[in-house]
Each structure stands twice: as structure tokens, then as C-alpha cells.
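Asker: One structure, as C-alpha cells, below. Some questions next.
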Amino acid sequence: MGLEITKTSSAYDSEHFVEEYSKVYNVPSMMQMIREDFMKQVRPGSMIVDVPCGPGRDTKGFLENGTFKVVGVDLSWPMLRKAKETAPQAVFIHADINDIDLIFEPRSAGGVFIAGLFQEYGQKSNVSNVLKKANHVMEDNAILFVDAKRGQGSEVRYDFGGERTFFHYQPEELKVMVEESGFKVKKIFPNTGRHSQWINIFATVNKREQSTLTHWVS
Ligand SMILES: C[S@@+](CC[C@H](N)C(=O)[O-])C[C@H]1O[C@@H](n2cnc3c(N)ncnc32)[C@H](O)[C@@H]1O
């Protein structure tokens, strides 16, 4: 783990940071439209995994729809405490997204929503590892949402009393990572955040190969 990542995660472990962050980001925004669009594509009654859930803005939105089982996952205890305040009825799990395949059964989620995470991945090969694990826990027709900051290189940002390093992506680069992790990209679209341009992707799980075991035993 690089120094920048350590500083970024210690920002999320600060109660002060989380309080200030949630004042700005737990408000209606473009994410609301993205979330609504996402929910239209997820099988009603299935489970949505919101990871990382942060202070719970989207977890709450998914829950209020009334159609889904909703689980928020985050690595920061202060974020999870805030998320529990925001969406008291949701289930929350303190975990690393890298363990998503250990937490959830294979093919158990109708949707996986990964918002605001990959800008923190300096090692872009880790993005593909996470996406493959997400794919593993997703139903056959499940929907994935991912986003990333658009641009070149990286930047250090000081806000909410914390220091974070953000890594940038190109749309084609993110699209290829998603496709190479077992997904078919349905839609790729931009939006403008507070400080940056974002790349957003909706994708479905690619048709999976049937097990070849039958060939061996027949
Ligand atoms: C920028 S916030 C985004 C949160 C939320 N999705 C949103 O859009 O507001 C990034 C979140 O990722 C969480 N996080 C960072 N690395 C993680 C990991 N490996 N596994 C789970 N959560 C992680 C942080 O604790 C933080 O809550």
C-alpha cells in the first residue's frame, strides 16, 4: 500500500472528515439520477450491494425504493456509523471490497454499485481484480455501476480536513477494464462533479460459460 493510499484512508477514518464530507455529499445530486437509472435495470426483489457506501446517500436511496434488499459495505467505521444514521434500516458490513467474494455467495447480487472508489487506486491492476470479484457475486443478468475521475495522472486534494490522492482515468481505459473483467458495457457517459469530470459506466454480466464438468463425466 503506497503512502498516498494510507493518507487517503486515514482521511476516511476521521470522524471530522466524515461529518464534513457527508454535509456536502449526502445531498441530492447527479448521483440521484444515476441511482434511479441503475435501479430500473436491477431485478426487483434482488440484492443491491452499495460498495463503498461511504456516508450512505445511495444506500438510503436504494432502500427507499422499497424493492430491493440493500447492503452497504465500507472499510471505514466512521463512514459506516454515518451511513447507519442515514439509512437505519439497511444492513451494513465493515469490510474491504477486495473481500466481496468472501462476504457474498456467488451469483447472489442483482446489482453492485461502486461509486467513488477507483480514483483511489494508483495500482490500476487492482481495479480489474475488484471487478472480477464483483462479477463473481453477481447474478447472471445483474447490473454493475462504476465510475472514475476523468483525466491524466493524479492530484492531491486537501478537503474536509483530510488529504487524499486521486488517480485519473480515460474513458476507454475504464471501459476495457470493465470488459476484461467479464462484463458487457451497456452505457458509458460523463458528468461533472464538484471539482472534476467523471466517467460513469453501466454494465451487465457477460453470458457465462456453462461448466465443462458435464463433458468430463458423460
Ligand atoms: C469518496 S468516498 C465514496 C463513498 C460513496 N460511494 C459516495 O459516493 O459518497 C470513498 C469511500 O471508499 C471507502 N473505501 C476506500 N477503500 C475501500 C476498500 N478497499 N473497501 C471498502 N471501502 C473502501 C472509504 O472508506 C470511503 O467511504
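Asker: For T204 and D96 in the same chain, what is the full-extension length gain: residue separation times 0.36 nm, less their Cα-Cα distance, in nm?
Answerer: Values: separation 108, 0.36 × 108 = 38.88 nm, distance 2.28 nm.
The T204-D96 span can extend by a further 36.6 nm.
Asker: Sticking with this one: Given M79, L102, V185, which one lies farthest toward the positive end of the charge dipole of the range 3-205, if we put +1 on the Cβ of every Lys and Arg and -1 on the Cβ of every Asp and Glu?
Answerer: Sorting the options by dipole projection puts first V185.
Asker: Gap in Å between the Cα centre of the range 32-47 and the Cα centre of the range 137-198?
Answerer: Measuring centre to centre over Cα atoms gives 19 Å.
Asker: Now for a different question. Specify the longest stretch of the chain that does not include any exposed loop site, a site being one of the trypsin sites (Lys or Arg not before Pro) with a non-H, G, I, E, B DSSP assignment and at most 13 other Cβ atoms within 10 Å.
Answerer: Counting only loop sites that pass the neighbour cut-off, the longest clear stretch is 1-193.
Asker: Moving to a separate point now. Among residues other than R81 whose Cβ falls under 12 Å from its Cβ, what is the net charge (Lys/Arg +1, Asp/Glu -1)? Please list the in-between numbers first.
Answerer: Numbers: positive: K82, K84; negative: D13, E15, E19, D74, E85.
Here the count lands on -3.
Asker: Placing +1 at every Lys and Arg Cβ and -1 at every Asp and Glu Cβ, with all other atoms neutral, what dipole size does the range 3-205 have around its Cα centre, in debye to the nearest 20? Walk me through the numbers on the way to the answer.
Answerer: Details: 24 positive and 27 negative charges, 94 e Å.
That gives the range 3-205 a dipole magnitude of about 440 debye.
Asker: While we're on this one: May I ask you to list the lysines whose Cα is less than 18 Å away from that of K187, ignoring any residue fewer than eight positions away on the same chain?
Answerer: K40, K149, K175, K207
Asker: While we're here: Order by neighbour count: F160, F38, fewest other Cβ atoms within 10 Å first, most last.
Answerer: Numbers: F160 20, F38 23.
Ranked by crowding around the Cβ, least crowded first: F160, F38.
Asker: Tally the DSSP beta bridges in the chain and give the antiparallel ones as a percent, rounded to 5.
Answerer: Details: 22 of 40 bridges.
Counting only bridges with both partners in the chain, antiparallel ones make up about 55 percent.
Asker: Here is a further query. Taking just the alpha-carbon atoms of the range 3-205, what radius of gyration and Dmax come out, in angstrom?
Answerer: Calculated on Cα positions, Rg and Dmax stand at 15.5, 42 Å.
Asker: A further question on this structure: Which residues in the range 49-71 place their backbone N less than 14 Å from a point set 7 Å from the Cα of E36 along the Cα-to-Cβ direction?
Answerer: Residues passing the 14 Å test: 61-62, 65.
Bear in mind that the values in this text are calculations on the coordinates, not laboratory data. These numbers come from a predicted model, not from an experiment. Don't worry about glycine lacking a Cβ; one is built from the backbone with ideal geometry, like all the others, and counts go over all protein chains shown.
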